[in-house]
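Single-structure report; data block below.
The values are calculated or read from the model by the stated rules, or taken from the named source; none is laboratory data. Computed from a predicted model, the values in this text were never measured in an experiment. Positions of Cβ are generated from backbone atoms using ideal geometry, with glycine treated the same way; all protein chains shown enter the neighbour counts.
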């Protein structure tokens, strides 16, 4: 024990029931890991993880009154369903050597919470709490939480050699919690960044996307750009490439700075990060890159496909990169045409991107606010911008002699007329327009 006075903190009812059952069976049980960290930060944990000083079989027997999920029992984990809530209980364990930089060669189960905590990654994640015994903090995790520091347990290089994914986990925690990375831990991250190549791209992407949504994403992506380039090689050429005189820093810094001003939306932040990635492939014309958006969309699609992101995210980011350079004029016709060609949602996301970029450079954003306001007003008014909203359908054109592709072409012409204000979106008015 760390000698701290006994403290009581709230534990969810389902987790408390499981702890009580284990303790009554004679096994020490502790809330561990991220849920302890979250509680100490004043947050309600999303889930509860319990470490028990028992074998997996003993845990199963002690919790037999509940419905149990045993798919993880080989790895020491038993999941109890308590009042519909899954509670994971894992046997205290030690690990053998990590020869592949990903998985231990062996796992042993024992009854020592101290040994279990010793195998964890960062001090803020090596905290345990028991309602029977209070807090157990062997590595100064509470002090690091209070100071806002990410620090490896013991030797950081050893921790990262054991499991290279811990490198990205450290960056993700720093970005999402707003913490600083301790000096020796940061040095080890830089020196061992290449070991991320041992990790599956799916696992890297899962950490990277969570990092990207953090409030401190800009700072972490700037300081640890070399780490990101290991699994996102499109980033490497952007580092050191100066593209416009008035922009401070290289193309990578220019790309990550707006993230601090952007909504916490994955598609928007990915699009901001990749929007200018093709500039280094073009020759500037008076410091402009006229084709970089189209080429950037192609590069973004390739990068996100390789990262195994969902198709919907890849498609949305590609669209945003392709159209990030232009926004419609503040006229109803121009806005409605963009709503038709892109979608109102995409147009609002492009506005969010432009606002983040302008705020980064201290530029006026009032025009963007007016554009967003008008987009929402047009939607609220039910203004027509889609074929499905036309008061005339293809069935109305058949009696007039229209056939096949001519029907679609005519409907699109009518939609253009409505958008441009040349015709009211009323059936009689549309029929008269056709006869004119």
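In this structure, does residue 176 turn out to be crowded, with 17+ Cβ neighbours inside 10 Å and under 19 Å from residue 34 (Cα atoms)? So residue 176 passes the test. The set of residues in the range 233-263 being closer than 17 Å to residue 300 by Cα, modelled with pLDDT of 90 or more and surrounded by fewer than 20 Cβ atoms within 10 Å (Cβ to Cβ) consists of 233 alone.
Condition (residue is at pLDDT 95 or above, buried (at least 22 other Cβ atoms within 10 Å of the Cβ), over 24 Å from the mean Cα position of the chain (by Cα) and within 21 Å of residue 210 (Cβ to Cβ)) applied to the range 116-125: is it met by at least one residue? No, because not a single residue in the range 116-125 is at pLDDT 95 or above, buried (at least 22 other Cβ atoms within 10 Å of the Cβ), over 24 Å from the mean Cα position of the chain (by Cα) and within 21 Å of residue 210 (Cβ to Cβ). Would you call residue 68 surrounded by fewer than 18 Cβ atoms within 10 Å (Cβ to Cβ) and at pLDDT 95 or above? Answer is yes for this residue. Among the residues examined, residue 269 qualifies as assigned to a helix (DSSP H, G or I) and at pLDDT 85 or above. Within the range 27-56, the residues that satisfy the criterion of being farther than 21 Å from residue 148 by Cα and either surrounded by 19 or more Cβ atoms within 10 Å (Cβ to Cβ) or modelled with pLDDT of 95 or more (or both) are 27, 28, 29, 30, 31, 48, 50, 51, 52, 53, 54, 56.
Scanning the range 146-160 for residues that are more than 19 Å from residue 211 (Cβ to Cβ) and in contact with a helix residue (DSSP H, G or I) (Cβ under 7 Å, 6 or more places away or on another chain) returns 153, 157. If only residues of the range 349-383 that are closer than 24 Å to residue 412 by Cβ and crowded, with 19+ Cβ neighbours inside 10 Å are counted, the one that is farthest from the chain's Cα centre (by Cα) is 375. Just one of the numbered conditions (1) on the phi > 0 side of the Ramachandran plot; (2) modelled with pLDDT of 95 or more is not true of residue 379: (1). Looking only at residues in the range 126-152 that are surrounded by 22 or more Cβ atoms within 10 Å (Cβ to Cβ) and in a loop (DSSP other than H, G, I, E, B), the one that is nearest to the chain's Cα centre (by Cα) is 151. Scoring residue 84 on the criteria (1) closer than 26 Å to residue 7 by Cα; (2) under 28 Å from the mean Cα position of the chain (by Cα) leaves a single failure, condition (1). Filtered by the rule that a residue be under 28 Å from residue 373 (Cβ atoms) and without any contact (Cβ under 8 Å) to a residue 24 or more places away in the chain, the range 298-325 gives 312, 315, 318.
Counting residues that are in the same structural domain as residue 419 (by TED's automatic domain parsing) and over 30 Å from residue 253 (Cβ atoms), which helices (runs of 4 or more DSSP H) fully inside the range 322-403 reach at least 2?
On the way: elements: 332-341, 344-360, 366-380, 394-397.
Counting at least 2 such residues, we get 394-397.
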